[in-house]
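So the structure is just underneath, and the comments pick up after that.
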Amino acid sequence: MSEQLKTGTTTVAIVCKDGVVLGADRRATAADFIVNKDVPKIHIISDDMALTMAGTVSDVQLLIKFIKAQIRLKRVRSTRELTVHETANLLAGLVYDNIRKFSTIPGISHFLLGGKDKMGIHVYDIFPDGSVTEVKDYVSSGSGSVMAYGVLETLYNKNISVDEGVKLVVKALNAAIQRDTASGSGFDVIKITKEGIQKVIGKQIEIKVEA
């Protein structure tokens, strides 16, 4: 089971004093083969929420479509915006149902959800088993998370600003890209503040050998 839960990627989310920062690499792999070198792994699902994805690509893509549809449907039915907590629980329910359906392909999905609502700014870890944990400092997922956590454990502090958080996320992603073969090819970083969602970095890394 531990091998099935390994996902070839690196995603990071950190809580700052004035917002949230999300980051992810761009490489998609199948075993040891690099399938795609430009995969967006951060998705904006509403005006105030975004998430990172890791896992079986077909499953995570479909679950993202489902949660976007659920957010729109709940908005129409209740005439209000969902809170980040409500969205995290909705997504966790989808993940729980997905992993427990029989399939010859394991439907593994791991999401880090960040967003803002009237109660503040939040980060939630939606684990592959469907459990939900509110993150008060930082979290990372994927095969490169071990390297990312080393950087986060050393450099994170509770009073970090969003601008400092962006630099920290880049350092964490770079550590993973340097040592984890399943992570790389570039990365994206976004920040979520009271002003909304903003993409701050989108970088492609190309390695070519000239004859």
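Residue check: is Ile44 within 22 Å of Gln198 (Cβ to Cβ) and surrounded by 15 or more Cβ atoms within 10 Å (Cβ to Cβ)? Yes, satisfied.
Checking each residue in region 1-57 for being at pLDDT below 80 and of a type in the set (Gly, Ala, Ser) picks out Ser2, Gly8, Ala28, Ala30, Ala31. For region 69-112, give me the residue count where each residue is part of a loop (DSSP other than H, G, I, E, B) and not β-branched (Val, Ile, Thr). The total comes to 9. For Asp129, the stated conditions do not hold, so it cannot be described as among the acidic types (Asp, Glu), at pLDDT 90 or above, closer than 21 Å to Val60 by Cα and not in a loop (DSSP other than H, G, I, E, B). For region 98-131, a residue qualifies if it is polar (S, T, N, Q) and under 17 Å from Lys68 (Cα atoms), and the qualifying residues are Asn98, Ser109.
Looking across region 79-109, the residues that are touching a helix residue (DSSP H, G or I) at 6+ places or on another chain (Cβ under 8 Å), within 24 Å of Ala28 (Cβ to Cβ) and surrounded by 16 or more Cβ atoms within 10 Å (Cβ to Cβ) come down to Leu91, Leu94, Val95, Asn98, Gly107, Ile108, Ser109. Reported count of residues in region 113-129, each being farther than 17 Å from Leu22 by Cβ and surrounded by 18 or more Cβ atoms within 10 Å (Cβ to Cβ), is 1.
The values are calculated or read from the model by the stated rules, or taken from the named source; none is laboratory data. Since the structure is predicted, the reported quantities are computational estimates derived from the model, not experimental observations. In this analysis, Cβ positions are derived from the backbone assuming ideal geometry, glycine residues included, and neighbour counts consider all displayed protein chains.
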